[in-house]
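Here's the structure we're looking at; comments come further down.
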Amino acid sequence: MALAVTILSACPPAAYAASTHSKIEEGIYQLRDGTPVPGIFARGIDISHWQGTIDWDKVAQNDISFVMLGTRYKGQVDPLFRQNAEGAAKAGIQIGIYLYSYATDVAMAEAEADFVLDLIKDYPVSYPVAFDLEDNTQSSLSPQQLAAMVNAFCKKIEDAGYHAILYANDYWLANRIDMSQVNYDVWVARYEKQHAYAAPVMWQATNTGYIDGINGDVDIDFQYKDFSDIIIPDLWRTIGDKTYYYQNYQMQKDTWIHDGTGWFFMRADGQAANGWLTQDNTTYYLDPNTGKMTVGWLADGDGWRYFNTSGAMQTGWIHDGSYWYYLDQNALMQTGWLQDKDTWYFLKESGRMSDGWQQINNIWYYFNSNGAMQTGQQQIGDYWYYLDDNGAMQTGKQQIDGRQYYFDPSGAMQTGSQEIDGNWYYFDESGVMQTGLRQIENRWYYYHEQNGIMMTGWQLINNIWYYFDNSGVMQTGWVGSDAAWYYLNPENGQMYANTQITVDGITYQADENGVCTVIAQDAPSSDTPDMPQPEDKQPPQPGDSSVEPERSDNHSSTYISPFQP
């Protein structure tokens, strides 16, 4: 690798700089003697503190794509490692790593791997991490021991997400290390002559190269293999007992990252934050175990909370899927009744906003498509309903704005004739209860002026007597019994009184009570009804009828009620 002292060339560097290990054409470079080396992907260097201060911008302009940085000197971090790593990265040169090993057993090799990982974790390493075996202290070890050390070091490096390789010269690869036990890529060293080792990924071709920006000799390396599809730029790495995230090979700190599965916030120390996190007045929740940002619903000891797609904890109304939910100022999902401004809503046990009909504590309520509780008269589907000021659906007779309506047990407003508590009523097309005389399907009925009940029997209306049968149908013509007969105007049903009338050619006297008697004639018709003389009685007063009305589908005008006047 790098020598302990720098050997200066006898001739000035400029004398051979243009031809030393330079590119002949794309993919082909040459050694110092001009021997072409084909199949080269890129040219790089390996350096340590021995090269002193380096002008990395000049180096980058001299066909140098990568640098393998030495990491250790006398058991400590190479004194120029950080300066070189930062300078190379800033100049756009890709960084690889090597460690000159002094290990003599597996445990020492693993410790060296830990040393390297702890050192390089803060730098954008996009090239391999090499285990350099060449120290004299290792020459007495068996090939199997050396192979075990290689495997131990490289496994730790690869477990952390880097690409581990072995650095050794041709002799060590052929004679010292049991390569049948090593399954890692090789960076071979042989100077100015083609290496014997087959298929290495890199070749250290000289230790006396010249690169503008570096004083003195420098190792020049040829890269055979493209690492871009092997060394992953974006990944999680666990180093020691800590886990970090790298994006474009750089550890992410004090920033949000997305790893393809979700969002995480990486703290200033490079580790994922967890638990509650507030930034710019926005609160997030990060999984306590993984640090993954929560999206959607989260249950904690206080209840349910909701985080939108950006991870921000929500308050107020939120829409999730097909449903609305409400979260209070503490971001807790609400259930039950909710008043928002002047509108009432009802949230189910699941928190979902109710719409449509909802039965709550055995009372029906209606909520529109926006979830707002409705009051007053509402047309819902084909029917009208009445919801009181508290939203409760009403049934039975209801007075609304001074008018009477009727809502059946299902709450639907009724129209037409309706039997309620044994009495009949009539409601027009608007549902309003009718009073007074009403013509219904060519028949006349009378509904009490105060309570709307359909009346039967004799009724005094505007000082005129009418008669309604048990079905409530107003009668015309003759009505009566053996005790007395009355005649009701065929056109309007009004009872004649204090007048003479002629019916079917026969003249009758209707007294002040309406009781009709035949006026004697010389030749009475055989059609004259056999009518007894009326007794001096008044027709029944309103409400005195002993006949209860019975609903009939046959409203016959010829039916005569058997009342007693």
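For (1) at pLDDT below 95; (2) farther than 30 Å from Gly396 by Cβ; (3) touching a helix residue (DSSP H, G or I) at 6+ places or on another chain (Cβ under 6 Å), each residue gets a yes or a no:
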position: Tyr425; (1), (2), (3): no, no, no
position: Gly436; (1), (2), (3): no, no, no
position: Tyr446; (1), (2), (3): no, no, no
position: Phe468; (1), (2), (3): no, no, no
position: Gln475; (1), (2), (3): no, yes, no
position: Ala497; (1), (2), (3): no, yes, no
position: Ser525; (1), (2), (3): yes, yes, no
*asked:* Please pick out the residue among Phe66, Phe41 that is touching a Lys or Arg at 6+ places or on another chain (Cβ under 7 Å), hydrophobic (A, V, I, L, M, F, W, C) and modelled with pLDDT of 95 or more.
replied: Phe41
*Provide a single number: the residues in the stretch 173-227 that are small (Gly, Ala, Ser) and in contact (Cβ under 8 Å) with a residue 40 or more places away in the chain.*
5
*Does the stretch 219-231 contain at least one residue that is among the β-branched types (Val, Ile, Thr), modelled with pLDDT of 95 or more and over 47 Å from the mean Cα position of the chain (by Cα)?*
yes
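Residues to consider are Leu166, Leu141; find the one that is more than 20 Å from Val201 (Cα to Cα), open to solvent by less than 40 Å² (accessible area, probe 1.4 Å) and not in a helix (DSSP H, G or I).
So the residue among Leu166, Leu141 that is more than 20 Å from Val201 (Cα to Cα), open to solvent by less than 40 Å² (accessible area, probe 1.4 Å) and not in a helix (DSSP H, G or I) is Leu141.
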*Grab the strands (runs of 3 or more DSSP E) fully contained in the stretch 356-415, keeping just those with 2 or more residues being under 32 Å from the mean Cα position of the chain (by Cα).*
356-360, 363-367
_Quick test for you: out of Gly316, Gly321, pick the one residue that is out of contact with any Gly (no Cβ under 7 Å at 6 or more places or on another chain) and at pLDDT below 95._
Gly321
_Among (1) in a strand (DSSP E or B); (2) open to solvent by less than 50 Å² (accessible area, probe 1.4 Å); (3) under 24 Å from Tyr405 (Cα atoms), the one test that Trp444 misses_ = (2)
*Unmet criterion (only one of (1) buried (at least 16 other Cβ atoms within 10 Å of the Cβ); (2) closer than 17 Å to Asp469 by Cα) for Phe427*: (2)
_Of everything in the stretch 190-218, what is outside any loop (DSSP other than H, G, I, E, B), open to solvent by 10 Å² or more (accessible area, probe 1.4 Å) and touching a strand residue (DSSP E or B) at 6+ places or on another chain (Cβ under 7 Å)? Give them in sequence order._
Asn207
*Of all residues in the stretch 286-310, which are within 26 Å of Thr238 (Cβ to Cβ) and either open to solvent by less than 40 Å² (accessible area, probe 1.4 Å) or among the hydrophobic types (A, V, I, L, M, F, W, C) (or both)?*
Leu286, Gly291, Met293, Thr294, Val295
_Residues that are in contact (Cβ under 8 Å) with a residue 40 or more places away in the chain, open to solvent by 20 Å² or more (accessible area, probe 1.4 Å) and farther than 30 Å from Tyr29 by Cα, at least 2 per element: which helices (runs of 4 or more DSSP H) completely within the stretch 48-136 meet that?_
106-120
*asked:* Of the residues Trp357, Trp344, Trp364, only one is at pLDDT 95 or above, surrounded by 13 or more Cβ atoms within 10 Å (Cβ to Cβ) and more than 25 Å from Ile318 (Cα to Cα); which?
replied: Trp364
*Of (1) of a type outside the set (D, E, K, R); (2) open to solvent by 20 Å² or more (accessible area, probe 1.4 Å); (3) not in a strand (DSSP E or B), Gln439 satisfies all except one. Which?*
(3)
*Can you tell me which residues in the stretch 175-189 are more than 14 Å from Asp219 (Cβ to Cβ) and open to solvent by less than 80 Å² (accessible area, probe 1.4 Å)?*
Arg176, Ile177, Asp178, Met179, Val182, Tyr184, Asp185, Val186
*Is it the case that Pro565 is open to solvent by 40 Å² or more (accessible area, probe 1.4 Å), at pLDDT below 90 and farther than 25 Å from Gln418 by Cα?*
no
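The values are calculated or read from the model by the stated rules, or taken from the named source; none is laboratory data. The model shown is predicted, which means the values in this text are computed figures rather than measured ones. Virtual Cβ from ideal backbone geometry, glycine too; neighbours counted across all protein chains shown. Surface accessibility is based on the protein's heavy atoms, side chains included, excluding ligands, DNA and RNA. Shrake-Rupley method; radii C 1.70, N 1.55, O 1.52, S 1.80 Å.
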